[in-house]
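Let me begin by presenting the structure, written as structure tokens, before commenting on it.
Values quoted throughout were computed directly from the atomic coordinates according to the rules given, and no laboratory measurement underlies them. Everything quoted here is computed from the prediction, not taken from an experiment. Virtual Cβ from ideal backbone geometry, glycine too; neighbours counted across all protein chains shown.
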Amino acid sequence: ADAALKRNRPDFTDAAQEENPFSQLDGIRDCLDHLGIRHFEITDRYEADDVIAAYALRAEKMDTVILSNDKDFFQLVNERVFVYVYNGKKSVLYDEKRVYERYGVLPC
């Protein structure tokens, strides 16, 4: 991963448990298991956005909605992949048409 990007990320190594978002992972795993939702984890060799993109593009037979404010995901939008940008009452579900309306280009 790009060192400049990682430099701006907070380090939670010495954070108190209630302030460390990673302390919630065990509860999240338990909840997913209880609900029967398959999940997996990866090492820090990969960036989350790369993994999300790979899964979205491989889910060819089902609609996929990526929930993110990261505009880089717009390049993945196609007839089956959508990006939901949460912004309260101004939240938007981006499809190909909406990406074109907003940026004047079609996704790749």
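Proximity of backbone amide H atoms, modeled 1.01 Å from N, is registered between residue 83 and 66, 94 at under 5 Å, excluding neighbours fewer than 5 places apart on the same chain. Length available on full extension from residue 34 to residue 59: 0.36 nm per residue minus the Cα-Cα distance, which gives 6.6 nm. Placing +1 on each Lys and Arg Cβ and -1 on each Asp and Glu Cβ, with no other charges, gives the chain a dipole about its Cα centre of roughly 520 debye. Taken one residue at a time, the phi angles of the stretch 17-23 give Karplus couplings (6.51, -1.76, 1.60, θ = phi - 60°) of 3, 5, 9, 9, x, 6, 5 Hz. Gly and Pro are set to x. Peptides 12-19, 64-71, 75-82 ranked from most to least packed, by the mean per-residue count of other Cβ atoms within 10 Å: 75-82, 64-71, 12-19. Full extension of the chain between residue 17 and residue 90 gives 23.0 nm of extra length, using 0.36 nm per residue less the Cα-Cα distance. Per-residue Karplus couplings for the stretch 46-58, computed as 6.51 cos²θ - 1.76 cosθ + 1.60 with θ equal to phi - 60°, are listed in order as 10, 7, 4, 5, 5, 5, 4, 4, 4, 5, 4, 6, 8 Hz, Gly and Pro entered as x. Using 0.36 nm per residue and subtracting the Cα-Cα separation, the extra length available between residue 98 and residue 79 on full extension is 5.6 nm.
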